[in-house]
Amino acid sequence: MSTDSKNTTVKLTSMEKQRKRTDLIIEIIVIFFSLIIIVPILIMVFGSFKDSTEAAKFNILPPKEWHFENYVYVITVGNIGRALINSLVVTFFSVLFCMVPASLAGFIIARRTTKISSRSQTLFMIGLYAPMNMITTFALLRVTGLLGSYFAVIMVLAASQIPYAVYMVSNFVRNVPRELDQAALIDGCSSLRMFFTIITPVMKPILVTTTVLVTMNSWNDFMVPLYFFNTSSRWTLPLTVYNFYGQYFRDWNLVFANLVITALPITILYLYAQKHIVSGLTSGAVKG
Amino acid sequence: MQPSKLRIEKTLYPGSLIIPAAIVFGFFYILPIIMAFVMSLTDWNLSRFYEPKFIGFENFEYIFNDPKFLLSVKNTIVFAVFTATLKTVLGLVLALALDRQLKTKNLMRTIYYLPAVLSMVVVGIMMKSIFSLDGVFNNLLGSIGLDFLQKDWVMNKSTAMAVVIFADVWRWTGFNMAIFLAGLQGIDKEYYEAAKIDGASGWNMLRKITLPLLMPAFTINIVFNVIGGLKVFDQVFIITGGGPGFTTQVLSTYVFTNYSQGLLGRSTAMSLILFIFVYGSSSIVNYILKKKEVDIS
């Protein structure tokens, strides 16, 4: 008896050891391959502080001298301040005009059992699968006199992301018990008030995740501003940076500084909100 | 459903709350798609913006006889197939590795996902520097004695597409990983306990438990990878601009080329083909995978 249990323990610890060894090997491999991500980013970040000749060598060594003035130059000459404000305005309002309507619609679609639910779901699914038509959108905006305005770019970005947001929210709400809503009705709430006081707090996890993802998409979008902003004074950061690269492609230090400025705000947002991303993807995308 | 219950549903969840989303989406997304069916049949041009003339299927005839268009269709398919496969497979491998109890698990997840939050402009210009003549990639080749392979990878006709594919895989593999990780979290650990008692090997557990239960995550990743691959624009526009020659021109960038020449009718017809192409293939892929999900469960 005692030898028997001893044997099992020995077997278990050897299995445990085996697993630990496998984990260690996997860990080393995973860390090694992460260099493919880290090295380019390091070259960019370090390069942005180098002088022009040193940056053009594209190595991962830190700069011999830190040229902070690269950033000053890029911000003043590259029109970055203006682009930053444009990006903030476009991102903020496109997220707002996407998230508020989409979370209302996603909630109703998940709750209603009638045709209105399945039909509108089919409608929004088109946007999930099909690309928008840039040419006729351009025409529509021109005919309505919206072309080139902030409003146009904001609404097109919002419209193109409403399907994703509706999809995420409705998948999440399907797993929220209905009893909650009925309790609100008994208390005599109107449906809008119920939505904002009782349902929204419950939906908070999925709303946070979806808002973060939509924010990233709006911030990074290149195609919509490219097609619909005809004056450079309204360009967002990605477009301004692309244009700057076209003019200064020999000064890699300045180009890199420009890229860092574009990437920094969204990277900070990501590091701050990253724990919500996987949990939100679980409840909003994979479970549905 | 009883009528009273239906009435409760209607008061509690008024359909009118769908209207704001339907209006924004309908006006700025669906309406242009409907317009495209009409305008693709005209000789519409930027210089005669308000006087398009009906010309039947002439645009489509022209397009299907345009070798550049056919080449861009081919390039689009090549891009989509390679990126979708690589992103799904690498994303799965990463997720399986980072689902284990590694010490640096969280840090590694953060690093691998990071490219997905960067703008394609940032990624694209970075890749241009890496694969340029004196970039890191050539230095690396030189340091391991493969000097003879050194070249300007972006400007070379036979390697430009590979660079664009690499950039896209670099950017989106972490996102695929995150979807798979989300799927792995949803798998009940009891299955593995039971399998272990039955003496199942790790490989068998992966094949018989993990992969089948990851099917929903596979569906999401593959469908989004196929859609993203066929719609590809930024990657190509920023890194190669469709060149060198015509070797990386894809549908979306060719539409843009025609649009910037003022050929609105023709480019509308092209983007309509792109629409049908993407909508069709993603629906088919989704249908097949959803059916598989049902078969398994």
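The values are calculated or read from the model by the stated rules, or taken from the named source; none is laboratory data. What you are looking at is a predicted structure, and each value in this text was computed from that prediction instead of being measured. Positions of Cβ are backbone-derived with ideal geometry, glycine not excepted, and every protein chain shown enters the neighbour counts.
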(request) Kindly establish whether residue B:34 is over 24 Å from the mean Cα position of the chain (by Cα) and within 30 Å of residue A:99 (Cβ to Cβ). (result) no
(request) Tell me, please, whether a residue that is crowded, with 16+ Cβ neighbours inside 10 Å and at pLDDT 85 or above can be found in segment A:275-286. (result) no
(request) Return the pairs, sorted by first residue and then second, in which the second residue is among the aromatic types (Phe, Trp, Tyr), the first residue lies in segment B:193-216 and is more than 20 Å from residue A:15 (Cβ to Cβ), the beta carbons are less than 9 Å apart, and the residues are 6+ apart or on different chains. (result) B:211/B:218; B:213/B:191; B:214/B:180
(request) With the condition kept exactly as written, say whether any residue in segment B:172-184 is touching a helix residue (DSSP H, G or I) at 6+ places or on another chain (Cβ under 7 Å), at the interface with another protein chain (Cβ under 8 Å from one of its Cβ atoms), small (Gly, Ala, Ser) and assigned to a loop (DSSP other than H, G, I, E, B). (result) no
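Table: residues versus (1) among the β-branched types (Val, Ile, Thr); (2) free of Cβ contacts under 8 Å to residues at least 12 places away in the same chain.
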position	(1), (2)
A:35	no, yes
A:40	no, yes
A:44	no, no
A:58	no, no
A:71	no, no
A:75	yes, no
A:78	no, no
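Looking at the structure I just gave you, is residue B:99 among the acidic types (Asp, Glu) and either within 10 Å of chain A (Cβ to nearest Cβ) or within 30 Å of residue B:279 (Cβ to Cβ) (or both)?
Working: among the acidic types (Asp, Glu): yes; either within 10 Å of chain A (Cβ to nearest Cβ) or within 30 Å of residue B:279 (Cβ to Cβ) (or both): no.
So residue B:99 fails the test.
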(request) Among the residues of segment B:238-266, count how many are under 16 Å from residue B:57 (Cβ atoms) and either without any contact (Cβ under 8 Å) to a residue 60 or more places away in the chain or among the hydroxyl-bearing types (Ser, Thr, Tyr) (or both). (result) 0
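Tell me which residues, restricted to segment B:204-222, are away from chain A (no Cβ under 12 Å), under 16 Å from residue B:98 (Cβ atoms) and of a type in the set (A, V, I, L, M, F, W, C).
The initial filter retains those residues of segment B:204-222 that are away from chain A (no Cβ under 12 Å), namely B:204-212, B:222.
Restricting the remaining residues to those that are under 16 Å from residue B:98 (Cβ atoms) gives B:206, B:210.
Correct list: B:206 only.
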(request) Could you grab me the full set of residues in segment B:12-21 that are over 25 Å from the mean Cα position of the chain (by Cα) and at the interface with chain A (Cβ under 7 Å from one of its Cβ atoms)? (result) B:12, B:13, B:14, B:15, B:17, B:18, B:20
(request) Kindly provide the set of residues from segment B:102-127 that are surrounded by fewer than 20 Cβ atoms within 10 Å (Cβ to Cβ) and either within 22 Å of residue A:240 (Cβ to Cβ) or more than 8 Å from chain A (Cβ to nearest Cβ) (or both), ordered by number. (result) B:105, B:106, B:107
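Quick one: which helices (runs of 4 or more DSSP H) lie wholly within segment B:1-99 and hold at least 2 residues that are of a type in the set (Lys, Arg)?
Numbers: elements: B:3-12, B:19-25, B:31-39, B:58-64, B:67-98.
Correct list: B:3-12, B:67-98.
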(request) Could you identify the single residue in B:201, B:143, B:158 that is more than 10 Å from every other protein chain (Cβ to nearest Cβ), hydroxyl-bearing (Ser, Thr, Tyr), more than 15 Å from residue B:239 (Cβ to Cβ) and under 23 Å from the mean Cα position of the chain (by Cα)? (result) B:158
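Looking at B:84, B:162, B:97, which one is among the hydrophobic types (A, V, I, L, M, F, W, C) and in contact (Cβ under 8 Å) with a residue 12 or more places away in the chain?
Numbers: B:162 fails: in contact (Cβ under 8 Å) with a residue 12 or more places away in the chain; B:97 fails: in contact (Cβ under 8 Å) with a residue 12 or more places away in the chain.
Of the residues listed, the single one that is among the hydrophobic types (A, V, I, L, M, F, W, C) and in contact (Cβ under 8 Å) with a residue 12 or more places away in the chain is B:84.
For (1) among the aliphatic types (A, V, I, L, M); (2) surrounded by fewer than 23 Cβ atoms within 10 Å (Cβ to Cβ), each residue gets a yes or a no:
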position	(1), (2)
B:142	no, yes
B:146	yes, yes
B:156	no, yes
B:166	no, yes
B:173	no, no
B:176	no, no
